[in-house]
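These notes are about the structure you will find just below.
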Amino acid sequence: MKPTKKITVALAGTPNVGKSTVFNLLTGLRQYTANWPGKTVEVKEGIREFDGYEIKFVDLPGTYSLTAYSYDEVIARRFIVDGKPDVVVQVIDASTLKKDLYLTLQLLELTDKLILVLNMMDIAKMKGLEINVNKLSALLGVPVVPMIAVKGIGVDNLLKKIIEVVEGRVQLRPLRISYGEKIEPLIVKLKGLIRREKVQGYPTRWLLIKLLEGDKEVIDTLKSSPEYKDIILSYNEILKTSPNLSIIIASLRHKMVDTIYKLSVRQPKELRTLSEKIDRIVLHKVLGPPILVGVLTVAFLAVFTLGEALSDLASYAFSMITEYLINNYLTTIINPLIRSLIADGVLPAFDVIISFIPMITMFLIVYAVIEDSGYMARATVIMDRYMHILGLHGKAFLSVLMGFGCNVPGIMATRGLEHHRDRLIAILVNPLVPCAARLGVMVFIVNLFFEPFRATLVMVWLVTLSLLLVALTGALLDKVIVKREFTELIIELPEYHIPSIKNIALLTWVRVKAFIKRACTLIFVSVILIWFLYTFPTYEVETSFGAQLGKLLEPLGKFMGLDWKAIVSLIFGLLAKEQVLAAMSVIYRVEEESLGEVLKNVWTPLQALTFLTVLMVYQPCVATIAVIRKETNSWKWTLLSIVYTLSLALILGVLTYNIGSLFLR
Amino acid sequence: MYNIIPLALMKPGQEGVIVHVEGGFGVVRRLAELGLVPGARVRVESSYWGPVVVWVSGFRIAIGRGLARKVWVKVG
C-alpha cells in the first residue's frame, strides 16, 4: 500500500449554506464530534481518503464574519491560525453568493490557501442567476468549484483541487484588498511599529485591520504583551480622531463585494424567490402564529408520543431480557452484594439509558428537520417577543417547549443559540421548566388532595410558578453573567430547503453517538451511586445511608412540614422524577396502587402542596445533570445548577408551607 | 421630498437607504457586517410586532424591534 500523507482541511462558511451537507458528503460515516475545551461549541471532524492522501476535514462553526463577535467566530479563526490547516475551503450558497463574499474577503486576509465551493448551483440557476465561475476565480485569485451537494455533484473536483493546492500545482494569487486613503496609511503606520510578518501566528496586516475594527480579542492579545504597548497607544490616538473605523472598513468590504458580484454574476432585475412568497404566509401577522403552533404541536408529539412509545417499547424489551437474565443466571450468583449490584444497580442504569435513546433520537431528527428546512429562523422571529417576557433570547423557544416534555432534549435544543452566554442562560433555566415526568407525579398527588376545581387551580399555580422562576432566573443570570456580547435578535432568514433524508440521518447518528458517549457514562455512574446509597450498609432501604441522610435532613424538612420519608423519596427522584412514586411505595411499605390512600392519611393538603413545590424545583434528575454537563462542557456550571435549584426548592418549600399554613388548614 | 425615519416605522414593502445606525459599538459593527451600513438599500418585508424582516443586499434578515428603532433610513 502506498504511504498516506495526512493533511487537514478546514471548512468555513456562513450559516445556512449547506456546509454540513458538504461535510457529510465528504466524510460520510467517518466523522465524529470534538468538543473544544471550555466552550459549548461542538466542532465536527471527519476523514476522507483520496489519491494517496488522508484528508481530515474540520467543520468550523458557521459565521458571517471573523471578528470576535461570538465564540463561533473566535473558534473559526483560531482554528485557521492555530490549527494550521493545509487548505481552507469556504462553502458558499451560490444562490445567495453576495452575502457570502463578505466572509471570503476576510478569509483571504487570514489565509493564502483558500478554495471556494459554490454549492446549490441548481438553485442559483432556478433563481435566474448566471455566475461566471472563471471570472469569479480570476477576480479573487483562488480556485472556485461549483457543486450541488445534495446530489453529490462536484465532490471529486473539490478533492482534486484540494490536492492540487496542497501540492502547489495551482497558481494562487489571492486578492489583496486595499482599504483606501483613509485606512491604508494607518495600517502602514502601525505596521512600522511591529516590523514582523506574523504576530502569534496571525498575519500582521490582518491583525492590524482587526485592531482598527476594534476587535476585542486582538486588542487583548496586543495588550497582554509589553512589546506592543506602542501600538495600543497609537491605536487609542487614532480612535480619538476617527471612532467609526469599523464601519468604514465594513462599508469598504461591502463595496468590494458589490464590485466583484457585479463583474461575475448576471441576475434578473427583480429577484423574487419562492421563499419570499412562502414567508408572506408563514410570517403573516394572523396566519403565522397558528402555523407555528401547528408545526410545534406536530414536533412535540413526534418527540414525546412517538419517541415515548419507542422508549417504552425499548424499555419493555429490555425488561424481558432483564427478567430472563435474573431468573436464569442471577440466582446462580451467591454473593448477595454482586447480585444486588447487577439487579438493582447495573440493569436499572441500562434501563434509564435505553429508555432515553429513542426519545433523544426522535428529538434530534425533529430538530434537524426544523433547522434544515429553514423554518427554525421563522419560528424564532415569531417567538422572539414572547421569549423576551421570559427574559430569554428568541432562539430559546424550542428549548423551553421541549423542556415541558423532558429537560434532556430541552437542553440539547439550546444549540441554536449563537452566543455562549445566551446559551448558558437557556441551559441553566431549562431544569425549571416542569417536564412531563414531574407533571405526571404532580397530577397524581394533586388529584389525591384536592377536588377537581381546586386541583386545576393548584396545577395552574404550580406551572405558573415554574414559569415565573424561569423568568426570574433568566433575569438574574442576565445580570450575573458578564455581558460581553450584544444579544438582541439578528437572524438571517435562509431560503427554504427540502431537508435531505441522508443528511439528517447522518447528523442524527453523529449526535446520538455523542450523547451516548458523553452523557451516558455519567448517568450510569450516578445510578450506581444511588443504588449504593440505598443498599449499604444493611440491604434495607429504611436503614440505608440514603435513609440516614433523609433523617439527617429531617430538621430541615421540618421547616417545610416534610418528614424523612418524603425527603428520601425526593432523593430517589434524582434517578428520574417519575421514580418518586415508586420510591414512596417502598418507603411507606405499600403497593403502588394503594399509595394514594396511605398518602392521604399521612399528609395534609398543605404538606402535599409543599412537597410538590419542592419536587418541581429541586435539582435536575441524573440524565438532565449529565446533559447539562455535556452541553456546557463545564462542571462549574453543572454544580451551580444543582446548588441553585436545591436552594431555590428549599426556599420555596419553606415559604409555601409557612405562608400556606396561614390560609390552608 | 424625503423623510428620515427609523427602520421600525417603515411599512412592509417600503424601500429606502440607510443613513445612520445608532447603538453600541458591537451591534453597529455586527449590522455593518451583515450589510446594514450607511448607503445600503433596504426593503422592509414584514413588520407588525416583534422583529422587523428586512431585505438587504440579496438576503433577508430579521432584527429585533428595539434595534430596528436605531437604524435610520431615508425614504421618499
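The values are calculated or read from the model by the stated rules, or taken from the named source; none is laboratory data. Everything numeric in this text was worked out from a predicted model, so none of it was measured. All Cβ positions, even for glycine, are placed from backbone atoms using ideal geometry, and neighbour counts span all protein chains on display.
List the helices (runs of 4 or more DSSP H) that sit entirely inside segment A:497-565 and contain at least 1 residues that are among the aromatic types (Phe, Trp, Tyr).
Details: elements: A:501-535, A:545-552, A:554-558.
Passing ranges, in order: A:501-535, A:545-552.
All of (1) surrounded by fewer than 20 Cβ atoms within 10 Å (Cβ to Cβ); (2) outside the structural domain of A:Asp384 (by TED's automatic domain parsing); (3) closer than 30 Å to B:Val71 by Cβ hold for A:Leu472 with one exception: (3). From the list A:Ile504, A:Ile491, the one residue that fits, being of a type outside the set (Ser, Thr, Tyr), within 14 Å of another protein chain (Cβ to nearest Cβ), surrounded by 18 or more Cβ atoms within 10 Å (Cβ to Cβ) and closer than 30 Å to A:Ser275 by Cβ, is A:Ile491. Can you find a residue in segment A:120-137 that is part of a helix (DSSP H, G or I), hydroxyl-bearing (Ser, Thr, Tyr) and surrounded by 15 or more Cβ atoms within 10 Å (Cβ to Cβ)? Among the residues of segment A:120-137, at least one is part of a helix (DSSP H, G or I), hydroxyl-bearing (Ser, Thr, Tyr) and surrounded by 15 or more Cβ atoms within 10 Å (Cβ to Cβ), which makes the answer yes.
Scanning segment A:225-253 for residues that are outside any helix (DSSP H, G or I) and within 14 Å of chain B (Cβ to nearest Cβ), which turns out farthest from B:Gly24 (Cα to Cα)? Write out each step before concluding.
At the first step, the residues of segment A:225-253 found to be outside any helix (DSSP H, G or I) are A:225, A:242-244.
Keeping just the survivors that are within 14 Å of chain B (Cβ to nearest Cβ) gives A:242-244.
Values: A:Ser242: 16, A:Pro243: 12, A:Asn244: 12 Å.
For segment A:225-253, the residue satisfying everything is A:Ser242.
Beta carbons closer than 6 Å, at least 6 apart along the sequence or on distinct chains, pair a first residue in segment B:6-35 that is facing chain A (nearest Cβ under 10 Å) and under 18 Å from B:Trp55 (Cβ atoms) with a second that is surrounded by 15 or more Cβ atoms within 10 Å (Cβ to Cβ) and small (Gly, Ala, Ser) for B:Pro12/B:Ser46; B:Pro12/B:Ser47; B:Ala32/A:Ala250; B:Glu33/A:Ser65; B:Glu33/A:Ala250; B:Gly35/B:Ser57. Taken over segment A:54-85, the criterion of being buried (at least 20 other Cβ atoms within 10 Å of the Cβ), of a type outside the set (Gly, Ala, Ser) and within 21 Å of A:Val166 (Cα to Cα) is satisfied by A:Ile55, A:Phe57, A:Val58, A:Asp59, A:Leu60, A:Arg77, A:Phe79, A:Ile80, A:Pro85. Only residues that are within 7 Å of another protein chain (Cβ to nearest Cβ) and surrounded by fewer than 20 Cβ atoms within 10 Å (Cβ to Cβ) were counted across segment B:59-76, and they come to 1. If you filter segment A:263-287 down to residues that are within 12 Å of another protein chain (Cβ to nearest Cβ) and closer than 18 Å to A:Leu101 by Cα, you find that the one that is modelled with the lowest pLDDT is A:Gln267. Taken as a whole, the condition of being over 22 Å from A:Ile445 (Cβ atoms), among the hydroxyl-bearing types (Ser, Thr, Tyr) and in contact with a Pro (Cβ under 8 Å, 6 or more places away or on another chain) applies to A:Ser544.
Helices (runs of 4 or more DSSP H) fully within segment A:356-451 that include at least 2 residues being within 14 Å of chain B (Cβ to nearest Cβ) and either on the phi < 0 side of the Ramachandran plot or crowded, with 20+ Cβ neighbours inside 10 Å (or both): A:375-389, A:420-429.
Output the number of residues of segment A:206-224 satisfying the condition of being part of a helix (DSSP H, G or I) and of a type in the set (Ser, Thr, Tyr). Spell out the reasoning first.
Narrowing segment A:206-224 to residues part of a helix (DSSP H, G or I): A:206-212, A:216-223.
If we keep only those that are of a type in the set (Ser, Thr, Tyr) too, we end up with A:221.
Final tally of qualifying residues: 1.
Would you mind stating whether A:Ile504 is under 18 Å from the mean Cα position of the chain (by Cα) and over 22 Å from B:Leu67 (Cβ atoms)? Taking the combined requirement at face value, the residue satisfies it.
From the list A:Leu313, A:Leu292, A:Leu325, which residue is assigned to a helix (DSSP H, G or I) and in contact with a helix residue (DSSP H, G or I) (Cβ under 6 Å, 6 or more places away or on another chain)?
On the way: A:Leu313 fails: in contact with a helix residue (DSSP H, G or I) (Cβ under 6 Å, 6 or more places away or on another chain); A:Leu325 fails: in contact with a helix residue (DSSP H, G or I) (Cβ under 6 Å, 6 or more places away or on another chain).
The match here is A:Leu292.
Looking across segment B:46-56 at every residue that is within 7 Å of chain A (Cβ to nearest Cβ) and surrounded by 20 or more Cβ atoms within 10 Å (Cβ to Cβ), the one that is nearest to the chain's Cα centre (by Cα) is identified as B:Val53.
A:Val58 meets all of the listed conditions (1) over 24 Å from the mean Cα position of the chain (by Cα); (2) under 20 Å from A:His420 (Cβ atoms); (3) of a type in the set (Val, Ile, Thr) but one, namely (1).
If you take the residues of segment A:33-53 that are farther than 16 Å from A:Glu418 by Cα and modelled with pLDDT under 80, which of them is surrounded by the fewest Cβ atoms within 10 Å (Cβ to Cβ)? Can you show your working first?
Narrowing segment A:33-53 to residues farther than 16 Å from A:Glu418 by Cα: A:33-34, A:37, A:44-53.
When the remaining residues are screened for being modelled with pLDDT under 80, the result is A:33-34, A:37.
Working: A:Thr33: 17, A:Ala34: 11, A:Pro37: 6.
Going through the qualifying residues, I end up with A:Pro37.
Do we find that A:Val257 is closer than 30 Å to A:Val218 by Cα, of a type outside the set (Lys, Arg) and within 14 Å of chain B (Cβ to nearest Cβ) in this structure? Considered against the rule, which asks whether it is closer than 30 Å to A:Val218 by Cα, of a type outside the set (Lys, Arg) and within 14 Å of chain B (Cβ to nearest Cβ), A:Val257 comes out as yes. Summed over segment A:290-319, residues that are farther than 18 Å from A:Glu371 by Cα and of a type outside the set (Val, Ile, Thr) total 16. Across segment A:513-539, the number of residues qualifying as closer than 18 Å to A:Gln579 by Cα and free of Cβ contacts under 8 Å to residues at least 12 places away in the same chain comes to 2.
Among the residues of segment A:68-84, are any in contact with a helix residue (DSSP H, G or I) (Cβ under 6 Å, 6 or more places away or on another chain), of a type in the set (Phe, Trp, Tyr), in a helix (DSSP H, G or I) and at pLDDT 90 or above? For segment A:68-84, residues in contact with a helix residue (DSSP H, G or I) (Cβ under 6 Å, 6 or more places away or on another chain), of a type in the set (Phe, Trp, Tyr), in a helix (DSSP H, G or I) and at pLDDT 90 or above: absent.
Of all the numbered requirements in (1) closer than 25 Å to A:Ser340 by Cα; (2) of a type in the set (A, V, I, L, M); (3) surrounded by 15 or more Cβ atoms within 10 Å (Cβ to Cβ), A:Met560 misses one, and that requirement is (1).
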